[in-house]
Amino acid sequence: MKRTLCPFHARTNLRRALVALIALGAMATAADATPSARPQIGGTLRVEMSERIASIDPRQWPSAPAQSAAADRVESLIFDRLVKFDEHGSLQPALARSWQHDEPSKRWEFRLREGVKFSDGTLLTAPIAALALQQLLGASFDVSATPDSVVIQAEHSIPDFPVQLATGRYFIFNRGEDNSLTGTGPFRVAEWPAAEGPGRASFVANIGCWAGRPFVDKIELAMGVDFQRQANAISFGQADVVELPASQVRRAAQRGVRAASSDPVQLFALVFDGSRPAVQDAHVRQAISLAINRASIADVILQKQGIPAGGLLPNWISGYAHLFPAMSDLPRARDLLPASAREQFRSMPLVLFYDSGDAEARAIAERVSVNLREVGVMVQASGQIADSKAKLSVADLRLVRLRMAAPDPATALSDLLLPGSLDEAETNLETPEQIYAAERALIDSFRVIPLVHVSENYGLSPQVRDWMAPRWGGWKLEDVWLGPPSAAGGNSP
């Protein structure tokens, strides 16, 4: 058996130590320290987000990228996984303190941390964890329990299985007698909104959390809040954490709003429908790629908050993004388009769909239409509801916003691959060479055209301290504490 034993997460130790010192009143005071520089326990953190999730049940994990990202952020307040990524993207233990696997990587054993309790006081046991994972992994996995471990048997080799368990739906939960779910995370649910009512939820600190209690006592979360209302809330002191679209980051800064950004974790891309006759010719798809001015999208539409993308993965994940230059070449694009194709597009424009609820997607779709018109390709851009399936069959191409949920290259590339976009032989992503080859095959076929990479951005109130979200997006609200606004200045309306 190959065994992996990881050290305890340093930041978890730090939070536990700080909370203990604060509770004892024994925090040392440096000669040049000010009260606002020392973590404080208490207060209510007010958070707003644009997505609204229907449930905190990991078994009801949404499929849409924006919804799944929102579910990950909210459910990480309540639940923990067996393993997690640290600030550097390395795997670290969470509820599992070590793990090992057999030679073909089909059988994995995760030894649980001792003494961990759910927020209702129930002790975490291997059978409880195994039952949760069996429901999440499905019938293709056999999940069993030993006295102190969870054993997972797969039908095929899964060499990166811990990476899979560190992302997505794979939270450990316990179902109570009233069918409510509890977790071992830093907060527990105090209130969850009804389906028809306002999307307001609240969470209170899990005082007995195995990793140490969070600094704030309570989180008030408003879901389904549009970006303009979020901008107003952060400007006028009505929220502490809001989402900022990339195109609004500079404007928010001009209003005095503090902003925090991840590394680029989202990709705007064009995806072709291979069944549509108008885009079956690879030369036509290549011409479309060469006609698009990605720099203007990044600099003008996204206000210099985007990075022109020639490949799927951003360079901070792959290290080889320079091998996929983001090229624009109008003369070459015109040469690739035969006269018959230009004549066809004049009488029958290409149909381009984008998410009608995404203002940035609409602006990018309009810019793409202008670029393609310069080479003789007429485009009819039309918005649709993101989760609607009714119109997909009549679109020649779609503008999509895809999100990478993990810093692991194979996982990140899998997040960006749409069903059927790669042949079966190209989906083996175990080595760096295979990852590069899969991305190269997709880019060279022009079945997907990357446009720009963008970051996740948040606006923070002057009271928010220690915002240390992962570089691949999301948040870590258990580490945030609230200080007096005078030390950081106020947000200007």
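The values are calculated or read from the model by the stated rules, or taken from the named source; none is laboratory data. Computed from a prediction, not measured in an experiment: that's the story for all the values here. Positions of Cβ are generated from backbone atoms using ideal geometry, with glycine treated the same way; all protein chains shown enter the neighbour counts. The accessibility values were calculated without ligands, DNA or RNA, using every heavy atom of the protein model including side chains. Shrake-Rupley method; radii C 1.70, N 1.55, O 1.52, S 1.80 Å.
Structural remarks
- Modelled spin labels at E366 and D299, positioned 7 Å past Cα toward Cβ, are 2.0 nm from each other.
- Proximal charge balance of E114 [Cβ under 14 Å; K/R count +1, D/E count -1]: +3
- Mean ellipticity per residue at 222 nm, deg cm²/dmol - from DSSP H runs of n ≥ 4 across the chain, formula -39500 (n - 2.57): -7500 deg cm²/dmol
- In the full protein context, region 147-253 carries 43 Å² of accessible surface per residue, based on a 1.4 Å probe and ignoring ligands, DNA and RNA.
- Relative to the longest principal axis of the Cα atoms of the chain, helix 10-24 runs at roughly 40 degrees.
- Centroid-to-centroid separation of region 93-157 and region 287-310 [C-alpha atoms, Å]: 45 Å
- Peptides 357-369, 220-232, 134-146 ordered by average Cβ neighbours within 10 Å, highest first: 357-369, 220-232, 134-146
- For the chain, lysine pairs with C-alpha atoms less than 23 angstrom apart, excluding pairs fewer than eight positions apart on the same chain, total 8.
- Contact order for the chain, expressed relative to its length and based on alpha carbon pairs under 8 Å spaced 6+ residues apart, stands at 19 percent.
- Residue separation of V394 and Y320 scaled by 0.36 nm, minus their Cα-Cα distance, works out to 23.1 nm of gained length.
- Using alpha-carbon coordinates, inclination of helix 282-291 to the longest axis of the chain, degrees: 70 degrees
- Per residue accessible area in Å² of region 255-299, where ligands, DNA and RNA are left out and the probe is 1.4 Å: 33 Å²
- Overall form of region 59-128 per C-alpha gyration tensor (a/c, 1.5; a/b vs b/c): oblate
- Rounded percent of accessible protein surface that carbon and sulfur make up, the chain, 1.4 Å probe: 51 percent
- The chain: angle of helix 126-137 to the longest principal axis, Cα-based, in degrees nearest 10: 10 degrees
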